[in-house]
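The values are calculated or read from the model by the stated rules, or taken from the named source; none is laboratory data. Every value quoted in this text rests on a predicted model; they were computed, and no experiment measured them. Positions of Cβ are backbone-derived with ideal geometry, glycine not excepted, and every protein chain shown enters the neighbour counts. Side chains included, ligands, DNA and RNA excluded: accessible areas come from the protein's heavy atoms. Shrake-Rupley method; radii C 1.70, N 1.55, O 1.52, S 1.80 Å.
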Amino acid sequence: MHRDSLATPVLAGHPVRFSAGTAAPRTAVPAGACDCHVHVYDSRFPAAPGARLLPPDASAQDYRALQQRIGTTRVVLVTPSTYGTDNRPLLQGLAELDALGVPARGVAVIDGTESDAALQHLHAAGVRGVRLNLSLGVVGTADALLPLARRIAPLGWHLQLLMAPDVLAAQAGVLRQLPVPLVFDHFGRIPPAQAGEHPAHALLLALLQAGRAWIKLSGGYIVSAQHSVEDPALDALAVGYLRSAPDRVLWGSDWPHATASAGVQPLPDDARQVDRLADWVRQAGSSATLQCVLVDNPAALYGFAPISTSLF
């Protein structure tokens, strides 16, 4: 039996570091459910010069406790803006998760000058994409889009992007021609009030429908004017993505919520984040299901092994 062929037993009633609440989600997640946006932090690794988010240490072991609370079994670690292009914390986290028996993939940050051997080392460790963060990142510019895409295309990796709507819209011509899949995290950084109004939102929908991109329903509290995933204004934005391209939508907790540690918004309850995803899937009323968003789509993008329910 594959080690994540059954859903993680949910252990409610115990506090988890960097997550409000103690209850399990009302929603039972399917076997093989994946949290596609998580960071690990370790103060033994220095922060990059100019880094604006300097959260406390948060380990793979800490995150495993959250998995046991919400029922997910797979995870994607993303190198945070804190470390610039230093992917050592990411690699350490992936190794620790492997030791814990947790299937994991990684999204690294590179500047494009890395050797082939260095990129192959990342790939062997489970990295399947690179992130360009033009919101809080301290490395890279929009001019790096095409060079980075060309550098990672031979590896079959994707390019994960976070940028303000105006910047995103200005790069429309480049984004449509990049030779790699695109992943937009944190709702594409589209504020709910700009859904259907800003050209960046129309661009995202077009890229999703064309099979060129994926969207992460992560960090809802970042784009919400209320700084909360409970914000009802998020509903139309999330449902719009789900109806537009249900096979291109992913979900991520954004644990350990570095913006909350920085005082930008209250610490979210990750069980409620799961339930809010379930709300959006129900409202979408399309072929989108939790199985699709939490299992099938991540498996397709990150290359997780197929789920087997057989005991033999």
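Figures for the structure shown
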item: The chain - mean residue ellipticity at 222 nm from DSSP helices (-39,500 (n - 2.57) per run, n ≥ 4, rounded to 500); result: -9000 deg cm²/dmol
item: Contour minus Cα-Cα distance for GLN291 and HIS123 (0.36 nm per residue); result: 57.8 nm
item: Solvent-accessible area per residue, Å², over the chain with all protein chains present [probe radius 1.4 Å]; result: 39
item: Nearest-0.05 FRET efficiency for ARG243 and ARG212, computed from C-beta distance (R0 25 Å); result: 0.90
item: Length gained when the stretch ASP57-ARG26 is fully extended (0.36 nm per residue, less Cα-Cα span); result: 8.3 nm
item: Amide hydrogen neighbours beyond the local backbone of ALA23, cut-off 5 Å, H modeled; result: GLY13
item: Other-chain or far-sequence residues with amide H under 5 Å of LEU250's (modelled H); result: ILE215, LYS216, LEU217
item: Full-stretch length increase - ALA65, LEU136 - with 0.36 nm per residue and alpha-carbon distance subtracted; result: 22.8 nm
item: Sequence-separation-based contact order of the chain, relative, with Cα cut under 8 Å and 6+ spacing, percent; result: 21
item: Accessible surface ranking that places the most exposed of VAL139, VAL293 first, with a 1.4 angstrom probe; result: VAL139, VAL293
item: For region 216-261 and region 180-202, distance of Cα centres in Å; result: 11
item: Overall form of the chain per C-alpha gyration tensor (a/c, 1.5; a/b vs b/c); result: rounded
item: FRET efficiency, HIS227 to ASP116 (Cβ-Cβ, R0 30 Å, nearest 0.05); result: 0.10
